[in-house]
Amino acid sequence: MYASIILPTYNEAASLPRAIDAIRAAMAHRDDWEAIVVDDDSPDRTWELAQQIGRDDPRIRCYRRLDRRGLSSAIVDGLSLGTGERLLVMDADLQHDVTKVPDLLASLDAADVAVGSRYMRGGGVGEWSKWRIFLSRVASWSARIVLGLRSTDPMSGFFAVRREAFLQVAGKLNPRGYKLLMELLTLLRARRVAEVPYVFAPRQTGESKLSGGVIWEFFLSLVELATRNVVSARFVKYALVGLSGVGVQYGSFYLLWSRFMGAEAGTFTAIATAAISNYMANNVWTFAERRHRSLQDLLRGFGLFVVISACGAFINQSVTWYLEHLGALLPAAMVAGIVASTTWNYFLNLDLTWKGHARPE
Ligand code: GDD
Ligand code: MN
């Protein structure tokens, strides 16, 4: 069955030709395949190299993306371009074991997704730092527990999927960060998953693009997938800002109260400080793309934010007192109060303070 091999690249000029050669060797027994390089306009001109290779060998195509960047969205674009019944994704830096490509494709005889796994018998991670092994294991482990996935390596970048299965869920994907397979597996939960072990090779040239930002994106995606989008990435950010506000409020209270003012004035000033810091943090982070910039927008936004938060504080107190009155334990009543008020604050701020249709930058 015709196969499309997707190779996302960013600054891989040094390894791409060798990766293509390795694919040619691994697929030498058949001619019903194509390879698609999806390059995000790499400064090292990987795209130029790919185009050149494609001129001599029309099985190799290149999509040079000029308008977007990101591994997951590059993979989705490659999968959408692929014409084969079977689609395979692999890194172009030779860290994936190219000799396993035929096994992965053949596994789709009896499965809808085939995962190249580092964490099963016969697989491995080679020369990773302890820190990287730890991060990778925590990520795989939480994805498996939280999302109930059956794969031993849901974070793998080496996998194959039937085109028909991909097309069924393609419209629901939210490509971000490095975890496209995790998303695919979640959406295709009911389908059959096969696994093929491989050993992750050390990088020979160039460098990894995995960064702290990628890990953070992973965490946000996990929350969204686990709650079926009931809890959005934006809500997580909002809640974290709220948490930081608690720190700011108590921190500034102790500072003010111990040195400069009485308890009442201190409480008031501390609350005001936390309100300002929360508003600013939400403005530049949680609602970054709807940011208030002009003095007028900032004042109006802060005013609304304070009014909504004051109602939220009232809701928090009421829920806590009421549940305690009904006989709930104080900590449980407090948590319920915090959840109720945070939810209230979030949705009102989303719809009023930072309502959509932000003016263009
Ligand atoms: N088009 C495009 N755009 N390609 C990218 C981008 C991007 O923004 N970022 C990375 N790539 C390409 C790289 O050029 C490489 O071919 C492949 O994607 C993997 O990137 P690496 O930066 O080498 O990832 P890694 O080796 O650190 O991470 C590996 O392990 C992860 C899980 O632990 C990869 O196999 C990942 O796919 C995997 O999720
Ligand atoms: Mn790599």
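The values are calculated or read from the model by the stated rules, or taken from the named source; none is laboratory data. A quick note: this is a predicted structure, and the numbers were derived from the prediction, not measured. Using ideal geometry, Cβ is built from the backbone for each residue, glycine included, and neighbour counts are taken over all protein chains shown. For the accessible areas, the whole protein counts, side chains as well, though only heavy atoms, and no ligand, DNA or RNA atoms are used. Shrake-Rupley method; radii C 1.70, N 1.55, O 1.52, S 1.80 Å.
Return the distance in nm (one decimal) between the two label points of a simple spin-label model at Arg55 and Arg192, each offset 7 Å from Cα along Cα→Cβ.
Using points 7 Å along Cα→Cβ, the separation is 4.5 nm.
Please tell me the relative contact order of the stretch 233-353 in percent, rounded to the nearest whole number, where contacts are Cα pairs under 8 Å and at least six residues apart.
Relative contact order comes out at 24 percent.
Leaving ligands, DNA and RNA out of it, work out the accessible area of Ser129 with a 1.4 Å probe and give it in Å² to the nearest 10.
Here the residue's solvent-accessible area equals roughly 60 Å².
Could you run the Karplus curve 6.51 cos²θ - 1.76 cosθ + 1.60 with θ = phi - 60° over the stretch 293-301 and give me ³J(HN,Hα) per residue in whole Hz, x for Gly and Pro?
10, 6, 4, 4, 4, 5, 5, 5, x
What's the magnitude of the charge dipole for the chain around its Cα centre, counting Lys and Arg as +1 and Asp and Glu as -1 at the beta-carbon? Answer in Debye, nearest 20.
580
What distance in nm lies between label points placed 7 Å from Cα along the C-beta direction at Ser208 and Ser318?
5.1
So what is the relative contact order of the stretch 4-122, in percent, for Cα pairs below 8 Å that sit 6 or more residues apart? Show your work: numbers first, answer last.
Numbers: 180 pairs, mean separation 42.0, N = 119.
Rounded, it is 35 percent for the stretch 4-122.
Taking springs between alpha-carbon atoms closer than 10 angstrom, which of Thr186, Thr286, Thr269 fluctuates most in the Gaussian network model of the chain?
Fluctuation is largest for Thr269.
If you plug each phi of the stretch 114-127 into the Karplus form 6.51 cos²θ - 1.76 cosθ + 1.60 with θ = phi - 60°, what whole-Hz ³J(HN,Hα) values come out, in order, with x for Gly and Pro?
Result, rounded to whole Hz: 10, 10, x, 10, 8, 10, 10, 3, x, x, x, 10, x, 9.
Just want to confirm a number: the relative contact order over the stretch 3-226, from Cα pairs under 8 angstrom separated by 6+ residues, in percent.
Taking the mean separation of contacting Cα pairs over the length of the stretch 3-226, I get 25 percent.
Between Ala332 and Val146, take the C-beta separation as r, use R0 = 30 Å, and let me know the FRET efficiency to the nearest 0.05.
Result of the calculation: an efficiency of 0.80.
Give the residue from Thr83, Ala265, Gly251 lying farthest towards the positive end of the charge dipole for the chain; charges sit on Cβ (+1 for Lys and Arg, -1 for Asp and Glu) and the dipole is referred to the Cα centre.
Comparing the listed Cα positions along the dipole, Ala265 ranks first.
For an R0 of 51 angstrom, estimate the FRET efficiency from the Cβ-Cβ distance between Phe260 and Thr99 and round to the nearest 0.05.
After rounding, the FRET efficiency stands at 0.15.
Tally Lys and Arg at +1 and Asp and Glu at -1 over the other residues with C-beta under 11 Å from the C-beta of Pro8: what net charge comes out?
Working: positive: Arg65, Arg69, Lys209; negative: Glu12, Asp39, Asp40, Asp77, Asp91, Asp93.
Neighbourhood net charge equals -3.
Could you pull out every one of the lysines with an alpha carbon less than 22 Å from that of Lys237, ignoring same-chain neighbours closer than 8 positions?
Those lysines meeting the cut-off are Lys179, Lys355.
Counting DSSP beta bridges in the chain, what percent are antiparallel, to the nearest 5?
Of the beta bridges lying entirely in the chain, close to 25 percent run antiparallel.
Just to be sure I understand: with springs between alpha-carbon atoms less than 10 Å apart, which residue in Leu187, Leu49, Leu298 has the highest mean-square fluctuation in the Gaussian network model of the chain?
Maximum among the listed residues: Leu298.
What size of dipole, in debye to the nearest 20, comes out for the stretch 68-131 about its Cα centre when the only charges are +1 on Lys and Arg C-beta atoms and -1 on Asp and Glu C-beta atoms?
Values: 7 positive and 9 negative charges, 54 e Å.
So the magnitude is around 260 debye.
Quick query: amide H of Ile6 versus all other amide H atoms, modeled in the peptide plane; which residues come in under 5 Å with a sequence gap of 5 or more or a different chain?
Excluding prolines and chain starts, which carry no amide H, the hits are Ile36, Leu88, Val89, Met90.
For the stretch 233-353, with all protein chains present and a 1.4 Å probe, just round the carbon and sulfur fraction of the accessible area to a whole percent. Please report the intermediate quantities before stating the final value.
On the way: 5280 of 7230 Å².
The C+S portion of the solvent-accessible surface of the stretch 233-353 is 73 percent.
For the stretch 233-353, what does the alpha-carbon gyration tensor say about shape, rounded, prolate or oblate, given a ≥ b ≥ c as the root eigenvalues, a/c under 1.5 as rounded, and a/b over b/c as prolate?
Working: a/c = 2.02, a/b = 1.17, b/c = 1.73.
Oblate, since a/c reaches 1.5 and b/c is not below a/b.
Order 194-202, 2-10, 256-264 from most to least packed using the mean count of other Cβ atoms within 10 Å.
With the highest mean Cβ count within 10 Å placed first, the list reads 2-10, 194-202, 256-264.
Please work out how much length the chain gains when fully extended from Ile276 to Trp128, using 0.36 nm per residue of separation minus the C-alpha to C-alpha distance, in nm with one decimal.
On the way: separation 148, 0.36 × 148 = 53.28 nm, distance 4.35 nm.
Using 0.36 nm per residue and subtracting the Cα-Cα distance, I get 48.9 nm.
Under 10 Å, Cα contacts only: if you run a Gaussian network model on the chain, which one of Asp93, Asp103, Asp56 comes out with the highest mean-square fluctuation?
Asp56
Return the calculated 222 nm mean residue ellipticity for the chain, to the nearest 500 deg cm²/dmol, obtained by summing -39500 (n - 2.57) across DSSP H runs with n ≥ 4 and dividing by the residue count.
-17000 deg cm²/dmol
Once you charge only the Cβ atoms, +1 for Lys and Arg and -1 for Asp and Glu, what is the size of the charge dipole of the stretch 25-75 about its Cα centre, to the nearest 20 debye?
It comes to approximately 120 debye.
Could you work out the local net charge near Tyr178, counting Lys and Arg as +1, Asp and Glu as -1, over the other residues with Cβ closer than 10 Å to its Cβ?
Here the count lands on +2.
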